[in-house]
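> Got a structure for you, written out below as structure tokens; questions coming shortly.
The values are calculated or read from the model by the stated rules, or taken from the named source; none is laboratory data. Note that the structure is predicted; figures quoted are calculated from it, not measured. Ideal geometry is used to build each Cβ from the backbone, glycine not excepted, and the neighbour counts take in all protein chains shown.
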Amino acid sequence: MPEMPPDQEVPIAPSSKEAMDALISKRIDEAFTRNALASNATLDNLGSISEQKNINLDSMDRHERADAVKILNIVEQARLETERLLSGPQLDKAPLANRLQQRAGTVDTVYGGLISGRQEAVKILETMVSGFIDEAGPNQDASLLLKDIISQEQRFLANHCLNVAVVSLATAIELNKMMTRKLDDPGLQKDINLLRAIRLKTFTREELIKLGFAAFVHDIYYKKAFPHLKHTDVLNAIADRSNIERHASESYHLMRQFEMDYHVNKAVLQHHERTDGSGSPDGITDRLFSKYTAILAFADRYITLTQPNPFSPLFHPTVALKRIMTTEKTGFDLDAMVAFAHAGTMVPIGSWVLLEDGTIGYSSRREEGQNLPIIHPVMRSSGEPIETPSDVDPRYDGSRIRQLLTAGDLMAINPKYASLYLV
Ligand SMILES: [Fe+2]
Ligand SMILES: [Fe+2]
């Protein structure tokens, strides 16, 4: 055994057993205090929590204080549930893509059950969404990346809904992070209204399931109206204005026959409403939105702008996101937009770019705190695949982004470009 060099310190700081015991005991006390403060708010300890989180208790009456206790506990629950969700198993891209395909298949079958009014279809879909959240949560970047290649001709609606669900979930998880940061920020004084606003944009696991459920059924009327049509036929049929106008309320009426959370149905009805009242069918503003409407409306708009459909020309995801955040911004919830831009970056994960060095790749993941994603170059500008691709950071010279590439550009360069997602 090699001898320890005399000048190297042995990494045990406390020299005596007593000192060590005291240190351990102090750590346990700290952990307990943290837990008591964080996860178990009561009217008795509200004072010390408020001090720590800069909550203005003096501005609150008795009822508001009781409400504050409830909010603190539920936000803490969501924080723990989100941490647990994000630390779930990491899957490789190919098996994850497979699972997403299977999910789309299950959803397509469940639609049949819902359309014929079977309550058990609701249960099956809830279970499916719960499994979907367990996969997509810890594999968020990969899910955003792969949502674009889930393409099954017969399952147009299921694919559309799966895409909307992936974007909704990524947005809600990021909102959870934003809201807990806001709550913990000692520089920001919180009154009851701000606490309620934080709660409104925090999602427990149960609420994530409800949001996912709403995403999967939001356009279900199209399935009822056109059960056997293929992709292109559905697109043409949907383009008929009367169907566009009716589909949100028809989908709502279809889902209303089931025993389920009213807020989920309300989000289905409201998914084309806009925060400024410029949406449809009722032109309501966000004051009347359900808890899930703002995210669902944003996710649906983003997917509509970035995937082939009869309503709008196709945009590169960066262009679509910028458009929603600028020309369309009065129609959408600011926090939801910012949350998705954080989760997907401004070159949303899965979108393609041409780099300065002439290689072409897709944005594959984000580094915490960065606006630009890591790019995975997979082919040359001739369309020839790169043998052993390795990730680059587009913030540095030589690998900066030169051009955003749309699906049309990519088809012209290499018609099989989509298969390179799995490289
Ligand atoms: Fe819709
Ligand atoms: Fe939709």
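> Being more than 16 Å from ligand 1 (Cβ to nearest atom), surrounded by 17 or more Cβ atoms within 10 Å (Cβ to Cβ) and among the aliphatic types (A, V, I, L, M) narrows it down to one of Leu314, Leu354, so name that one. Outline the logic, then answer.
On the way: Leu314 fails: surrounded by 17 or more Cβ atoms within 10 Å (Cβ to Cβ).
It is Leu354.
> I've got another one for you. If you check every pair at least six apart or on different chains, which have Cβ atoms under 7 Å apart with a residue in the stretch 209-221 that is over 13 Å from Ala172 (Cβ atoms) and assigned to a loop (DSSP other than H, G, I, E, B) first and a residue that is among the aliphatic types (A, V, I, L, M) and within 16 Å of ligand 1 (Cβ to nearest atom) second?
His218/Val164; His218/Val268; His218/Leu296; Asp219/Leu157
> Counting only residues that are away from ligand 2 (no atom under 16 Å from the Cβ), give me the helices (runs of 4 or more DSSP H) lying completely in the stretch 290-356 with at least 1 of them.
317-325, 334-344
> Would a scan of the stretch 150-167 turn up a residue that is of a type in the set (Asp, Glu), crowded, with 17+ Cβ neighbours inside 10 Å, touching a residue at least 12 places away in the same chain (Cβ under 8 Å) and not assigned by TED's automatic domain parsing to the domain that holds Ala407? Please lay out each step first, then the result.
Keep residues of the stretch 150-167 that are of a type in the set (Asp, Glu), which gives 153.
So of that shortlist, the ones also crowded, with 17+ Cβ neighbours inside 10 Å come out as none.
Among the residues of the stretch 150-167, not one is of a type in the set (Asp, Glu), crowded, with 17+ Cβ neighbours inside 10 Å, touching a residue at least 12 places away in the same chain (Cβ under 8 Å) and not assigned by TED's automatic domain parsing to the domain that holds Ala407, which makes the answer no.
> Sort out which residues of the stretch 86-137 are assigned to a helix (DSSP H, G or I) and of a type in the set (S, T, N, Q), and write them in order of number.
Within the stretch 86-137, the first condition is being assigned to a helix (DSSP H, G or I), and the residues that meet it are 86, 93-115, 119-136.
The answer is Asn98, Gln101, Gln102, Thr106, Thr109, Gln119, Thr127, Ser130.
> May I pose another question? For Tyr222, work out the one condition from (1) closer than 30 Å to Asn73 by Cβ; (2) modelled with pLDDT under 95 it doesn't fulfil.
(1)
> Being modelled with pLDDT of 95 or more, away from ligand 1 (no atom under 11 Å from the Cβ) and either surrounded by 15 or more Cβ atoms within 10 Å (Cβ to Cβ) or of a type outside the set (A, V, I, L, M) (or both) is true for just one of His253, His272. Which residue is that?
Matching residue, one of His253, His272: His253.
> Okay, moving on. Filter the stretch 287-311 for residues that are among the small types (Gly, Ala, Ser) and under 17 Å from Lys329 (Cβ atoms); which is farthest from ligand 1 (Cβ to nearest atom)?
Among residues in the stretch 287-311 that are among the small types (Gly, Ala, Ser) and under 17 Å from Lys329 (Cβ atoms), the one farthest from ligand 1 (Cβ to nearest atom) is Ala294.
> In the stretch 243-269, what residues are of a type in the set (A, V, I, L, M), away from ligand 2 (no atom under 14 Å from the Cβ) and within 19 Å of Arg287 (Cα to Cα)?
Val264, the sole residue that qualifies.
> With the requirement that a residue be in contact with a Pro (Cβ under 6 Å, 6 or more places away or on another chain) and at pLDDT 95 or above, what does the stretch 302-320 give you?
Pro317
> Is there any pair linking a residue in the stretch 403-423 that is touching a residue at least 12 places away in the same chain (Cβ under 8 Å) and under 17 Å from Lys147 (Cβ atoms) to one that is of a type in the set (Gly, Ala, Ser) and surrounded by 14 or more Cβ atoms within 10 Å (Cβ to Cβ), with Cβ under 7 Å and at least six apart or on different chains, and which?
Leu422/Ala97
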